[in-house]
1. For the stretch B:269-286, take each phi angle, set θ = phi - 60°, evaluate the Karplus expression 6.51 cos²θ - 1.76 cosθ + 1.60, and give the result in whole Hz per residue in order, putting x for glycine and proline.
2. If you take every residue apart from residue A:243 with its C-beta less than 15 Å away from the C-beta of residue A:243, what net charge results, scoring Lys and Arg +1 and Asp and Glu -1?
3. Could you list the trypsin sites (Lys or Arg not before Pro) in the stretch A:16-57 that lie in coil according to DSSP, counting only those with at most 10 other Cβ atoms within 10 Å of their Cβ?
4. For the stretch A:219-233, take each phi angle, set θ = phi - 60°, evaluate the Karplus expression 6.51 cos²θ - 1.76 cosθ + 1.60, and give the result in whole Hz per residue in order, putting x for glycine and proline.
5. For the stretch A:90-162, which GluC sites (Glu not before Pro) pass both filters: DSSP loop (anything but H, G, I, E, B) and at most 11 other C-beta atoms within 10 Å?
6. Can you bin chain A into rounded, prolate or oblate? Criterion: square roots of the alpha carbon gyration tensor eigenvalues sorted a ≥ b ≥ c, rounded for a/c under 1.5, prolate for a/b above b/c, oblate for the rest.
7. Take every residue in peptide A:187-198, count the Cβ atoms of other chains within 10 Å of its Cβ, and give the average of those counts.
8. What accessible area, summed over both chains, is buried at the B-A interface (1.4 Å probe, Å², nearest 100)?
Amino acid sequence: MDRQRPARGLHARDLTVTAGEATLVRDATFRLQPGELTALLGPNGAGKTSLLRGAIGLTPRASGWAGIDGEDIARMPPRRRARQLAYLPQNRPLAWPSPVRDVVALGRFAHGAALGRLRGADRRAVERALAACDLERLAERSTATLSGGELARVHCARAFAAEAPLLIADEPVAELDPYHQFTVMNLIRDFVNRGGGALAVLHDVVLARRYADRFIWMKDGRIVADGTPAETLSAARLGEIYGVRGRVEGERVEIEGPL
Amino acid sequence: MRADFAALVLACLAALFAACLLGSTPMEIERVLGALLGRGDPGDQLVVVHIRLPRAITAFAVGAALGASGAALQGLLRNPLAEPGVLGVSAMASLGATGALYYGLAALSAWVMPAAAIVGAITGTALIAFAALRTASVVTLILIGVGLSSFAGAAMNLMMNLAPNPFSLADMINWMLGSVANRSFLDLGFSAPFLAVGLGVLFATRRGLSALTLGEEAASGVGLNLRRQRLSIVLGAGLATGGAVALAGVIGFVGIVAPHIIRPMVNHDPARSLLPSALLAGLILVLADIGVRLMPTVTELKLGVVAALIGAPAFVWIAMQRRSVHD
């Protein structure tokens, strides 16, 4: 890597993540850059979440390297990392029936914001995130009273409120109806169009084809392909990755059944 | 909210004053005020400044420590049923204190008692926090707390069984039942540094408790240093609870009840619940202790007994209100 001008974005090189005896991710190399929406695809247990957690330093890596803008992620203080990268984990439990605005404001944690005393840039960022996710009307509502679709928007707004240049979302549309899947993907697309770089774990290849600029395919802890949808998405790939029979014609994807 | 907070502070001051006013020797307000300001009859001064005031402040300090520890542990474990008493932390602190009494170590130095209680409390809190790393289920943690309490109880019973003389037996029973009777400013002074540091640590790290609302993974995602946060709460709650137990023995449930009342008033934010919970828990214990003193019983009731009689049903009620979906 060029020492003078390190590549922008999140970069993982030969990353290996282990848990006890098991190797969850082996020698994974990928890059997440501003202005690009990447879909991370792979069957359950392929190691997608472990790859993400390892790449952003939430799980210690066994070997390899990962960092943001050339800086080793393992040496970055959590708050500085959080100002560069917002992370939306797969499990999003809310411990308390907090109001929507407070949950969104937690996205400003790394900027030093304290709930109930938002000032200046923090307050503006929270208002922008609420507006972007169409949550202004719900801002004072308790999150315990929201529907699944509304909650998904709250979590997106929480991630956007950080105003970090990078976003990693682990299954952001799981358990959402088709309408809300589009809503959330549109929000992520808008974030990328504004100059952000996003990586989302998706299970719906059709949805991924519609939104993503790049596909990273994973199986058995390895990245098996990384490139544009046109380059990497094929009927053979669907069979190899998921064990399903599918048809790919241009931008149209159809999954017909198990192989 | 600001008005509520001011009202709470005023209520605390009023309760502390009432504790100086009320008691077996009736006294007018002027005499109490005079004694507090260092004037008036030496007999009044003895009663007010050397007996009633330190007792009231002890009750308040113990309540504040338990209330803040309860609120902080609830934030850390993300469950409204967490509390030093329920998690076995108080019992472990009490075991430390009775152990110091049993082995006669307490006679060596006035610092031994609080130190022993704090070692017990931090051991208990650390065990719970360590278990919390391995399981997300708070039911498991509370069961571990039950185990710790039982163990500490059995060990204390063993020491009572083997108690060398009735005096040390009475001393130990005092600690196990919980009381603030006959505490002096000197006693308070030996626990005060631990209480102050413990509460200081809890308040300094309270913002991380807000972040934990999102769950541990998302909290690390927004920039929380999870390990440091856990360690701070374990240390802070351990010091505060240990200091409180060294002063007053085991006083349970106040650390659950106070935060439970405060939480809806602060938008369920654990960080903002810390200080009001401390004040309210202090207020509750000062009032309960006034009740204990005024109750026309032959021997004075123990504050810890009364707190449990009121607090335990409240605990059961709060537990029954919980929807089973959480875990």
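1. Once rounded to whole Hz, the list reads 8, x, 5, 6, 7, 4, 5, x, 5, 4, 5, 5, 5, x, 4, 4, 5, 4.
2. Charge balance near residue A:243 sits at 0.
3. On the way: sites: A:26, A:31, A:48, A:53; in loops: none.
Answer in residue order: no site qualifies.
4. 8, 6, x, 10, 7, 9, 7, 8, x, 5, x, 4, 6, 10, 9
5. In loop regions of the stretch A:90-162 (DSSP not H, G, I, E or B), the sparsely surrounded GluC sites (Glu not before Pro) are A:140.
6. Note, shape of chain A comes out oblate.
7. Per residue, the average neighbour count from other chains is 0.
8. That pair of chains buries around 2300 Å² in total.
The values are calculated or read from the model by the stated rules, or taken from the named source; none is laboratory data. Everything numeric in this text was worked out from a predicted model, so none of it was measured. Cβ coordinates were reconstructed from backbone atoms using ideal geometry, including for glycine residues, and neighbour counts include every protein chain displayed. Please note that ligands, DNA and RNA were not included when accessible areas were found on the heavy atoms of the full protein model with its side chains. Shrake-Rupley method; radii C 1.70, N 1.55, O 1.52, S 1.80 Å.
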